[in-house]
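Asker: Would you mind keeping the following structure in view while I ask a few things?
The values are calculated or read from the model by the stated rules, or taken from the named source; none is laboratory data. What you see is a predicted model, and the numbers here were worked out from it, not measured in a lab. We place every Cβ from the backbone using ideal geometry, glycine too, and count neighbours over all the protein chains shown.
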Amino acid sequence: MTIHTMGQSPRRREDARFVTGGGAYLDDLRFDRVAHAVVLRSPHAHASIEAIDTVAAARAPGVLAVLTASDAEADGLKALRPYVEANAQTGEPFAFALQPLLARDKVRFAGEPVAFVVAETHAAALDAAELIEVHYAPLPAVTTADAARAPGAPVLSAEVPGNVCLDWRTGDAEGADRGFRRAAHVVSLRLDNHRIVMNPMEPRGGVGTFDPASGRYTLHVSSQSIHNNRNHIARALGVEAAKVRFVAPDVGGGFGAKNFAYAEHALLLWAARRTGRPVKWIASRSEVFLSDHAARDMQAEASLALDAEGKFLALQVSSVANLGAYMAGAGGGVPTFQYVHLQGTVYRLPAIALHIAAVLTNTAPIGVTRGPGFAETVNILERLIDAAARQAGFDRAELRRINMVPPEAMPMTNAFGFQVDSGAFAQTLDLALARADLAGFAKRQRQSEDRGLLRGLGFAYHIKGTGGAPDENVDIRFEPDGGVSLITGTQHIGQGHETTFPQILSTRLGVPNELIRLRQGDTDLIPAGGGHGSSRATYMGGTAMWRASDEIIAKGTALAAEALEAAEADIRFDDGRFVVSGTDRAIPLLEIAALGRRKGKPLDTFHAWTREHMTFPNGAHVVEVEIDRDTGRVSLARYTAVDDYGVLVNPMIAAGQAHGAMAQGVGQALLEHATYDPRSGQMIAGSFMDYALPRADDLAAFDLYFNGTPCTTNPLGVKGCGEAGAIAAFPAIANAVLDALAPLGVKGFDGPASPARIWQAMADAR
């Protein structure tokens, strides 16, 4: 049997079943007597509900239930609460309104659930939903944060006066003012980090069941975070968490859209209890666009002050986040934690002043995606640095280099008191520029010009705090058949956990990888877990495994000493064996595990831990674009990335995660934009006919290199690797586009860099 340890790149174990049709995704699961559900959604972005008539629908063939808000109220169901209800820095409560499972008196975004129809077949449920008559009184809608805050704007909820959930100032305002007063150069930008929809390959969905004998609910669900979501749904159902089980089979991607609980989760379980049948619902692609938590949608007015030599003196940012119709999930946590705590970390910035507002609008609620808040932070500073270089005549690379925190300053504490343990920022930047052949850019630019194309170079330096939910658990069990069950509270959604987690355990315990069976995705298997988000799984789950292994080795040492008739002090653990020092006498770990089981002293170990620190992956991304003067089409010509992910468990899988994130970042930068009609509040980009995801021919051949500095705050030395590209790509591409357009006098544009937007920017500059 083979042992693959950390640093090696064995092929993904899970891929064999995926590519042969052996995956167990939600739609692959089979349930006896399963019924099918359809959600009737509001066609209006903002309207009063005057009446709902369900009589015809309830009488339709095959219909088992037609459920509305009045039914939910009668059965004691409760609205969804946000996961973060107060400012993460100050503890001050947000102004927010609860999100109803089914709208009762009012709808606040197009796509909000109004009724839940359950029938023998999906077709019958669809037909019945069309028979429901809802009498709406349309109200004015607001789709942007500026419109929602304007005088006389319609108020979405009485609980949120003026539609403002948060209006907060933090940082060193006086210090920033002093920095700007003595600045030799000041540069200011208005930036829009526009809204996107994550669109995982597998849409959201679930199958709910109810056992009347035990009173327990079970939801098989495509989810990234089953324990926390289970707890929120139990509260909505009005039962203890122990009465609800969440099971996540194979999950076809998440990207943040599946991080939090949704109304449909509770509705499925409630409907299963009402009908006495398993009830299944899987979102259509239209429902993904209408009702999934979207991401980004933050605008900022930002200014950077520099001295005559280019040293950064101060940063001022006034930003507003569009939260959508409800503060959902961690929507309030992004602007008060992620967006704040890494401001001024890669670069020495003595004073930072932030003004942050979070606003409700008649759009789908905002959740998270790769790099929430961090992407917005990095975009602001990296765009400002390029603008300052152009305005004041600095070299863009050198301007970054002279302001970067040096390795010898690590660990460093930034302006907001957060400590970063490791990083070689300037070295990483230089490596990226060298690999990108910066010296050859002028030649490539002339070659592009010869073909009638504009060519631009841009780069950005990213950093992110990873770790997500601060608690994690692992249960390691040595089974009678000689295998090892590895049970974790993390969640796989395509990252390769079935390969990398055994690598970690094999490194520590010397157990062959194929004997290790990873078990995740069931709230009955392990009491708690943080799921997956914020690139946490390897750091949090891996550290839990490492610490549990320490306990296993300690238990095994005592048993080995007895079996080998030696003192415990003379026993060392080496390469999967307990060895008597100075001799060739040894017993393998798995034999000790069997011995312990016979003696009633099993090596089985449960370990729970709470992190004190995050990890801080970082890196430099360098991009070249070509722009067609006649059409405005932007093509990605070259993409080079040098990233610091600390110690790599599996370099191949880390590269795959990085490539996926870069593809997502390219999508936002060039193609993707979730747009709403400002008058009606209707989603304009509501299908793949109107919303463009990147395809292979939209991407360059990524040149990825790792320049890892081991993380000092976990025993593995790892840093999260799943989000970097999505953070860095947007500002790097924007900077490259502006570099290409600078000779035409173009000074700015709002993303994405679509042909129409770029053509218009060129036309306006003429």
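Asker: Does at least one position in segment 725-735 carry a residue that is in a loop (DSSP other than H, G, I, E, B) and either on the phi > 0 side of the Ramachandran plot or not charged (D, E, K, R) (or both)?
Answerer: Among the residues of segment 725-735, not one is in a loop (DSSP other than H, G, I, E, B) and either on the phi > 0 side of the Ramachandran plot or not charged (D, E, K, R) (or both), which makes the answer no.
Asker: Among the residues that make up segment 361-368, is at least one of them outside the structural domain of T709 (by TED's automatic domain parsing) and assigned to a helix (DSSP H, G or I)? Give the derivation first.
Answerer: Looking only at segment 361-368, we keep the residues that are outside the structural domain of T709 (by TED's automatic domain parsing), and these are 361-368.
Remaining after also requiring assigned to a helix (DSSP H, G or I): none.
Checked segment 361-368: no residue is outside the structural domain of T709 (by TED's automatic domain parsing) and assigned to a helix (DSSP H, G or I).
Asker: Of all residues in segment 5-47, count the ones that are in contact with a strand residue (DSSP E or B) (Cβ under 9 Å, 6 or more places away or on another chain), more than 19 Å from G253 (Cβ to Cβ) and not basic (K, R).
Answerer: 15
Asker: Filter segment 705-757 down to residues that are surrounded by fewer than 17 Cβ atoms within 10 Å (Cβ to Cβ) and in contact with a strand residue (DSSP E or B) (Cβ under 6 Å, 6 or more places away or on another chain) and give me whichever is nearest to M614 (Cα to Cα).
Answerer: Taking the candidates together, the pick is P710.
Each row is one residue, and each column tells you yes or no for (1) in a strand (DSSP E or B); (2) among the acidic types (D, E); (3) in contact with a helix residue (DSSP H, G or I) (Cβ under 7 Å, 6 or more places away or on another chain); (4) in contact (Cβ under 8 Å) with a residue 60 or more places away in the chain.
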| site | (1), (2), (3), (4) |
| --- | --- |
| A302 | yes, no, yes, yes |
| A314 | yes, no, yes, yes |
| A328 | no, no, no, yes |
| V334 | no, no, no, no |
| F337 | no, no, no, yes |
| I356 | yes, no, yes, yes |
| E376 | no, yes, yes, yes |
| N379 | no, no, yes, yes |
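Asker: For the subset of segment 689-704 comprising residues that are farther than 15 Å from L670 by Cα and surrounded by fewer than 16 Cβ atoms within 10 Å (Cβ to Cβ), which member is modelled with the highest pLDDT?
Answerer: Among residues in segment 689-704 that are farther than 15 Å from L670 by Cα and surrounded by fewer than 16 Cβ atoms within 10 Å (Cβ to Cβ), the one modelled with the highest pLDDT is D703.
Asker: Something else now. Look at T68 and say whether it is modelled with pLDDT under 95 and of a type in the set (S, T, Y). Give the derivation first.
Answerer: Working: modelled with pLDDT under 95: no; of a type in the set (S, T, Y): yes.
Taking the combined requirement at face value, the residue does not satisfy it.
Asker: Considering segment 638-674 alone, what residues qualify as being of a type in the set (D, E) and closer than 30 Å to L505 by Cα?
Answerer: Passing the criteria: D643, D644.
Asker: Another question about this same structure. Which numbered condition in (1) in the same structural domain as L590 (by TED's automatic domain parsing); (2) closer than 29 Å to A424 by Cβ is the only one that Q520 fails?
Answerer: The single condition Q520 does not satisfy is (2).
Asker: While we're looking at this one, here's another question. Determine if segment 685-702 includes at least one residue that is under 21 Å from the mean Cα position of the chain (by Cα), among the hydrophobic types (A, V, I, L, M, F, W, C) and part of a helix (DSSP H, G or I).
Answerer: So far as segment 685-702 goes, no, none of its residues is under 21 Å from the mean Cα position of the chain (by Cα), among the hydrophobic types (A, V, I, L, M, F, W, C) and part of a helix (DSSP H, G or I).
Asker: When you look at E112, is it within 24 Å of I684 (Cβ to Cβ), in contact (Cβ under 8 Å) with a residue 12 or more places away in the chain and surrounded by 15 or more Cβ atoms within 10 Å (Cβ to Cβ), yes or no? Working first, answer last.
Answerer: On the way: within 24 Å of I684 (Cβ to Cβ): yes; in contact (Cβ under 8 Å) with a residue 12 or more places away in the chain: yes; surrounded by 15 or more Cβ atoms within 10 Å (Cβ to Cβ): yes.
It is true that E112 is within 24 Å of I684 (Cβ to Cβ), in contact (Cβ under 8 Å) with a residue 12 or more places away in the chain and surrounded by 15 or more Cβ atoms within 10 Å (Cβ to Cβ).
Asker: Identify, from the list A97, A147, the residue that is touching a residue at least 60 places away in the same chain (Cβ under 8 Å), out of contact with any Cys (no Cβ under 8 Å at 6 or more places or on another chain), within 27 Å of V340 (Cβ to Cβ) and part of a helix (DSSP H, G or I).
Answerer: Just one listed residue meets the conditions, A147.
Asker: If a residue has to be part of a loop (DSSP other than H, G, I, E, B) and closer than 30 Å to A141 by Cα to count, how many in segment 40-81 make the cut?
Answerer: Taking segment 40-81 and keeping what is part of a loop (DSSP other than H, G, I, E, B), we get 42-46, 54, 59-62, 68, 75-79, 81.
Remaining after also requiring closer than 30 Å to A141 by Cα: 42-46, 54, 68, 77-79, 81.
Residues that pass the stated criteria total 11.
Asker: Which condition number in (1) of a type in the set (A, V, I, L, M, F, W, C); (2) touching a helix residue (DSSP H, G or I) at 6+ places or on another chain (Cβ under 9 Å); (3) over 30 Å from M540 (Cα atoms) is the one that V207 fails?
Answerer: Among (1) of a type in the set (A, V, I, L, M, F, W, C); (2) touching a helix residue (DSSP H, G or I) at 6+ places or on another chain (Cβ under 9 Å); (3) over 30 Å from M540 (Cα atoms), V207 violates only (3).
Asker: While we're looking at this one, here's another question. So for segment 565-578 (the condition being in the same structural domain as D481 (by TED's automatic domain parsing), in a strand (DSSP E or B) and aliphatic (A, V, I, L, M)), does at least one residue qualify? Even if it seems obvious, please write down each step before you answer.
Answerer: Narrowing segment 565-578 to residues in the same structural domain as D481 (by TED's automatic domain parsing): 565-578.
Right, trim to in a strand (DSSP E or B) and you get 571-574, 577-578.
Adding the requirement that they be aliphatic (A, V, I, L, M) leaves 571.
The answer is yes; a qualifying residue exists.
Asker: The conditions are (1) modelled with pLDDT of 95 or more; (2) assigned to a loop (DSSP other than H, G, I, E, B); (3) surrounded by 24 or more Cβ atoms within 10 Å (Cβ to Cβ), and R277 fails exactly one of them. Which is it?
Answerer: Among (1) modelled with pLDDT of 95 or more; (2) assigned to a loop (DSSP other than H, G, I, E, B); (3) surrounded by 24 or more Cβ atoms within 10 Å (Cβ to Cβ), R277 violates only (3).
Asker: S485 versus (1) outside the structural domain of I653 (by TED's automatic domain parsing); (2) within 23 Å of the chain's Cα centre (by Cα): which is the lone unmet condition?
Answerer: (2)
Asker: Kindly establish whether S303 is hydroxyl-bearing (S, T, Y) and either under 26 Å from M198 (Cβ atoms) or at pLDDT below 95 (or both).
Answerer: no
Asker: Take residues that are surrounded by fewer than 18 Cβ atoms within 10 Å (Cβ to Cβ) and tell me which of the strands (runs of 3 or more DSSP E) falling wholly in segment 396-506 contain 1 or more.
Answerer: Details: elements: 453-463, 471-478, 484-488.
Counting at least 1 such residues, we get 471-478, 484-488.
Asker: When N259 is evaluated against the numbered criteria (1) touching a Gly at 6+ places or on another chain (Cβ under 7 Å); (2) under 22 Å from S42 (Cβ atoms), which criterion, by number, is the only one it fails?
Answerer: In the conditions (1) touching a Gly at 6+ places or on another chain (Cβ under 7 Å); (2) under 22 Å from S42 (Cβ atoms), N259 misses (2) alone.
Asker: Out of the residues in segment 641-686 that are crowded, with 24+ Cβ neighbours inside 10 Å and in contact with a His (Cβ under 7 Å, 6 or more places away or on another chain), state the one that is nearest to T543 (Cα to Cα).
Answerer: Taking the candidates together, the pick is A641.
Asker: For the condition touching a residue at least 12 places away in the same chain (Cβ under 8 Å), of a type in the set (D, E) and assigned to a loop (DSSP other than H, G, I, E, B), what is the one hit in E612, E626?
Answerer: Of the residues listed, the single one that is touching a residue at least 12 places away in the same chain (Cβ under 8 Å), of a type in the set (D, E) and assigned to a loop (DSSP other than H, G, I, E, B) is E612.
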